[in-house]
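Derivation of every value follows stated rules applied to the coordinates shown; laboratory data play no part. Given the structure is predicted, the values throughout are model-derived calculations rather than measurements. Methodologically, a virtual Cβ is constructed for each residue, glycine included, from the backbone with ideal geometry; neighbour enumeration extends over all protein chains shown.
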Amino acid sequence: MQNVINLKINSIQHIGIPVTDIKTSVTFYSRLGFKNVMEEPFTDKDGSGTCVMMQLGSIILELYQLPEAALAEIRTRRHGHIDHVAFDVSDIDETFEVIKQAGLPIQEEAPVFLQFWKNGCKYFNTTGPDGERLEFNQIL
């Protein structure tokens, strides 16, 4: 068994779900009691997309619609697809260094800033043994 990495994870922050029609998905999750607590555009390599954070109690779902050019893969799936699980951390830079020192694969060269939430957030991703994407995220 490998050594445990000394990480300071607070909780699961959100679960990311790619969607093909953001308005339809927001309406669906609103019917389940979720509230739209943040909505922001973002830039992807293929153009612009939209991200909506839907919250019910302590559960946050990140619904995001990619640019039209990137939607083909999502539209051809037969079943839904959870894209990533995000862990809430208090210090993204410290977490980045701990993951880096542990030798885990990191997908970004440094934590990435997004103008989400009131003051933005920073995140980076690693992958688990089956390719599952694990995001570490700090809301600033």
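At-a-glance table
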{"quantity": "Tilt relative to the chain, helix 22-31 - C-alpha long axis, 0 to 90 degrees, to 10", "calculated": "90 degrees"}
{"quantity": "Where labels lie 7 Å past Cα in the beta-carbon direction, separation of residue 5 and residue 81 in nm", "calculated": "2.4 nm"}
{"quantity": "Relative contact order of region 9-139, pairs being alpha-carbon contacts under 8 Å that are 6 or more residues apart, as %", "calculated": "26 percent"}
{"quantity": "The chain, helix-only ellipticity at 222 nm - DSSP H runs n ≥ 4, -39,500 (n - 2.57), divided by all residues, nearest 500", "calculated": "-4500 deg cm²/dmol"}
{"quantity": "Crossing angle, helix 92-101 versus the chain [Cα axis fit, 0-90 degrees, rounded to tens]", "calculated": "60 degrees"}
{"quantity": "Only Lys, Arg (+1) and Asp, Glu (-1) charged, at Cβ; the chain dipole about Cα centre in debye", "calculated": "500 debye"}
{"quantity": "Lysines with Cα under 18 Å of residue 35, excluding same-chain neighbours fewer than 8 positions away", "calculated": "23, 118"}
{"quantity": "Residue with peak Gaussian network fluctuation, the chain [Cα springs, cutoff 10 Å], from 93, 83, 46", "calculated": "46"}
{"quantity": "The chain: most fluctuating residue of 123, 64, 29 per GNM, C-alpha cutoff 10 Å", "calculated": "29"}
{"quantity": "Using a Förster distance of 41 Å, the FRET efficiency for residue 20-residue 93 (Cβ separation, nearest 0.05)", "calculated": "0.70"}
{"quantity": "Residue-span extension gain [residue 48 to residue 100] - 0.36 nm each, minus C-alpha spacing", "calculated": "15.7 nm"}
{"quantity": "Net charge, residue 136 excluded, C-beta distance under 12 Å - Lys, Arg +1, Asp, Glu -1", "calculated": "-3"}
